[in-house]
Amino acid sequence: MDLEKTGVGDSRRKSELRYTLHLMRQNPIVVVGSVLAIGSVVLSLVSSLIVNPAAGNTQNLPIRLCWNNPVIDWGIHNLFVCPGAQVYPLGTDAYGRDLLQMIILALPLDLEVALTIVASAVVIGVSMGAVAAYAGGLLDELVLRITDVFFSIPGLSLAIVLVTFFSHSLFWLTTAVLITWWPTYVRLIRSQVLTEKEKAYVEALRSTGAGRLRILFRHIVPNSIYPVLVQATLDVGGVILVFSVLMFIGFSPSPLLPELGNLAHAGIDNVFIAPWLVLFPGLTILLIALGFNLLGDGIRDALDPRLRR
Amino acid sequence: MTESETHWTRGSGGNQGTYVQQQAPRPTEAALSIRGLKVVFHTYAGDVQALDGVDLEVQRGEILGLVGESGCGKSVTALAVAGLLPINAEVISGEVLLDGKNLLKMKKEAVRLSRLNDIALVFQDPMTYLNPVLTIGLQITEALTSDLKVFAEDLIAARMTKLEAMMKRSLTEEQELESLRRAKQSHNLSNKEGKRLASLRALDYLRLVRLSEPEKVLKMYPFELSGGMRQRAMIAMALVRRPRVLLADEITTALDVTVQAQILELLKDLRDKIDAAIVLITHDLAVVSEVCDRVAVMYAGSVVEVAGLVEFFKNPSHPYSKGLMAAILRPDLSSETLESIKGSVPDLINPPSGCRFHPRCPYAYQKCPESKPPMTEVSPGHAVTCFLYGG
């Protein structure tokens with residue numbers, strides 16, 4: 001009896017993973033989401049190979065703001081046509097830089113910022129929330145009230161205040177978004193840890209003389225982290241959105257910085273004669289945010305025990 | 001039979017109901033002794049007087065069966081010994097002596113270390129008492145590796161004895177032995193070595209609890225094991241630290257009868273092999289008759305009868321024990337009705353005065369509600385708290 005049981009171990013574990021992936025593959029929306037999300041990450045990783053980073057340099061650029069794409073006709077009179085044979089599939093921006101190249105250059109920055117913010121928010125939120133929930137009492141109360149303060153202020157406004165107060169540098173922009181973001185994870189992990197810590201295996205662990213930190217971070221947190229991972233995936237899109245919004249409304253450290261919101265911001269002055277300047281960076285933000293959202297949804301559905309089977 | 005030479009006499013002065021066990025210079029050292037333990041749970045409905053002066057002793061190499069109906073305080077006793085009572089519980093009085101040291105007086109960290117080293121609990125439901133996301137191997141070795149300092153010496157010594165006992169050693173084994181000697185002398189065991197020794201120890205104990213293919217089981221997750229296998233893994237997890245006291249809280253309740261028999265056999269085997277003091281908490285007298293050396297019966301928060309196994313089944317003395325014995329189904333005595341004890345478990349928020357069993361006791365007389373009966377010895381090693389036997 002025992003022999004037969006042990007035999008199936010490995011294959012069953014693998015089949016659980018395969019089943020999860022199978023569930024995700026079955027849903028076309030999730031497939032689109034993962035293609036978009038993974039695609040954007042891959043593109044940002046290889047961006048420096050595709051595009052010369054010096055393309056961001058504005059010196060010695062002969063042309064300013066032109067459109068050279070025979071497929072799309074904007075129907076705008078007096079559209080500047082780029083001189084020479086070079087193709088600009090998405091036109092050039094107000095500084096004469098190829099917009100497609102700029103967007104590809106902007107990807108690594110945006111994703112890096114988003115991943116940094118989400119990762120730090122998860123680390124801070126999870127450690128604070130988990131400790132608060134496990135310790136309970138006064139500490140729990142204190143941490144909860146602190147998060148309440150952050151929840152009562154709209155995130156974007158708080159970020160604007162912080163950036164205005166400190167400086168328009170990338171560091172402070174990142175920090176400002178991070179500060180508005182971590183409390184979500186505190187709430188999320190806290191609720192999970194509260195249910196998890198009452199489970200029987202925790203009592204069994206305590207009976208073996210395991211230390212409190214060890215019980216919490218080695219046993220309880222890994223058991224309660226899945227909703228946080230789903231939320232984190234969803235949030236990558238959200239953070240990119242908020243970050244570019246900050247850039248778009250004018251908190252950019254430099255107008256030349258290749259960042260999606262910043263590119264859209266730079267194009268807003270010429271939006272009537274060159275609509276691509278706002279449209280394409282905006283679309284890119286939309287696609288990335290959508291991609292991570294759909295992927296997060298897919299992961300959540302695939303891990304939901306009620307939807308499995 | 002390891003009946004201790006105990007003499008129950010009335011404690012000098014004052015408080016009725018507390019009796020001190022008098023043993024001149026303690027001939028047989030009790031591994032665990034609980035004296036006059038009183039525990040109260042503070043609830044919204046009022047204070048639940050869960051334990052009302054529990055007295056118990058367990059020797060090394062002995063299995064004590066702790067029997068009683070649901071809610072009589074068996075599990076609370078185990079939790080109190082391990083220092084794992086919930087926050088709303090309060091220990092009013094009494095002491096829990098582990099090799100003469102009072103656990104209730106110790107600091108938190110010291111209690112944790114005694115849980116790590118000396119006391120192990122095994123719980124009744126093997127399904128929920130294992131962490132679902134870690135492998136069995138990690139869970140068994142964790143206690144050893146996380147406090148490696150505590151276990152290093154023991155691990156090294158155990159491995160060395162094993163290697164030295166080998167008739168023929170290969171070259172690598174010679175080298176291992178040499179490096180272990182060095183580690184022993186320098187009192188310095190690397191984490192990696194510690195992990196390796198710990199998983200070797202885990203393998204030994206998985207074999208000891210008779211799990212087949214222990215190497216595979218080490219790498220498996222709880223969901224891949226059957227109920228009986230999990231229960232054995234739990235027992236291995238408890239034993240791997242070589243505790244002096246093992247508290248087994250209804251470990252056979254969730255298992256079917258064949259597996260139950262195997263686990264009970266295992267307990268006997270362990271008693272003989274590792275010489276631990278085992279407290280087997282159960283409400284199944286059949287299980288008790290199978291493995292225990294002595295029996296303690298609890299009712300409504302106190303021990304009402306302690307006796308050797310044979311003595312208990314031959315001559316149950318407390319009216320409650322008699323009721324329990326009468327309630328056992330016996331196919332050989334074909335009686336039409338099944339005996340039961342009249343009434344129900346008392347409300348422990350407002351427990352009955354005097355002897356807590358008196359409202360249900362067929363022999364109760366006017367003295368019973370007035371005061372608590374003392375522990376009286378009816379024969380050597382057989383003590384009862386009942387006025388029918390004097391006091």
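Here B:Lys195 is the anchor, and the aspartates and glutamates within straight C-alpha reach of less than 16 Å, apart from those fewer than 8 places off in the same chain, are B:Glu142, B:Asp147, B:Glu153, B:Asp154, B:Glu176, B:Asp204, B:Glu215. Between the beta carbons of B:Ala286 and B:Ser340, assuming R0 = 22 Å, the FRET efficiency works out to 0.80 to the nearest 0.05. In chain A, the calculated helix contribution to ellipticity at 222 nm averages -23000 deg cm²/dmol per residue, counting -39,500 (n - 2.57) for every DSSP H run with n ≥ 4.
Shielding value for B:114-122 is 3, the average number of Cβ atoms from other chains within 10 Å of each residue's Cβ.
Here the calculated FRET efficiency for B:Glu69 and B:Tyr363, from their Cβ-Cβ distance with R0 = 22 Å, stands at 0.70, rounded to the nearest 0.05. Between A:Leu156 and A:Thr116, the distance separating the two model label sites (each 7 Å from Cα on the Cα→Cβ line) works out to 2.3 nm.
Neighbours of B:His283 by Cβ distance under 13 Å: Lys/Arg scored +1, Asp/Glu scored -1, total -3.
With contacts taken as Cα pairs under 8 Å at a separation of at least 6 residues, the range B:44-143 carries a relative contact order of 19 percent. Here the mean projected area of the convex hull built on the C-alpha positions of the range B:294-376 is 6.3 nm². Each principal axis of chain B carries a Cα extent, and these read 79, 50, 45 Å when sorted largest first. As a proxy for reagent exposure, ranking B:Ile140, A:Ile225 by other Cβ atoms within 10 Å from fewest up yields A:Ile225, B:Ile140. The simple Förster model, with R0 at 56 Å and r as the Cβ-Cβ distance, assigns B:Leu113 and B:Thr258 a FRET efficiency of 0.90. Each helix, a run of at least 4 DSSP H residues, gives -39500 (n - 2.57); summed and divided by the residues of chain B, these come to -11000 deg cm²/dmol at 222 nm. Amide H to amide H, with H built 1.01 Å from N, B:Val39 comes under 5 Å of B:Ala50, B:Leu51, B:Asp52, B:Gly53, B:Ile92, counting only residues 5 or more places away or on other chains. In terms of other Cβ atoms within 10 Å, B:Thr253, A:Thr174 run from fewest to most in the order B:Thr253, A:Thr174. For B:Tyr389, B:Tyr44, the sequence from fewest to most other C-beta atoms within 10 Å is B:Tyr44, B:Tyr389. Listed peptides B:111-118, A:103-110 appear in the order A:103-110, B:111-118 once ranked by packing, highest mean of other Cβ atoms within 10 Å at the front. Using C-alpha pairs under 8 Å with a sequence gap of at least 6, the mean separation divided by the residue count of chain B gives a relative contact order of 24 percent.
For peptide B:204-212, the mean count of partner chain Cβ atoms within 10 Å of a residue's Cβ comes to 1. Given their separation in residues at 0.36 nm each and the Cα-Cα distance between them, A:Leu283 and A:Leu43 gain 84.8 nm when the chain is fully extended. Distance between the modelled labels on A:Asp73 and B:Ser353, one decimal in nanometres: 10.7 nm (7 Å Cα→Cβ projection).
Each label point was placed 7 Å from the Cα along the Cα-to-Cβ direction; for B:Met160 and B:Phe223 their separation is 4.4 nm. Computed extension gain for A:Asn270 through A:Thr195, at 0.36 nm per residue and net of the alpha carbon distance, reaches 21.5 nm. For the range A:215-233 and the range B:220-248, what is the separation of their Cα centres, given in Å? Going from one Cα centre to the other spans 25 Å. Mean Kyte-Doolittle of at least 0.5 plus a Cα span of 24 Å or more along the axis: flag which DSSP H helices in chain A meet both, please. Within chain A the helices that satisfy the rule are A:28-50, A:99-135, A:170-196, A:226-248, A:276-303. Per residue of peptide A:207-220, the mean number of Cβ atoms on other chains within 10 Å of the residue Cβ is 6. When you restrict to C-alpha pairs under 8 Å that are six or more residues apart and normalise by the size of the range A:147-296, the relative contact order lands at 22 percent.
Read the figures in this text as sums done on the coordinates, not as results from a lab. Bear in mind the structure is a predicted one, so any value in this text is a computation, not a measurement. When we count neighbours, we look across all protein chains shown, and the Cβ atoms used for this are built from the backbone with ideal geometry, even at glycine.
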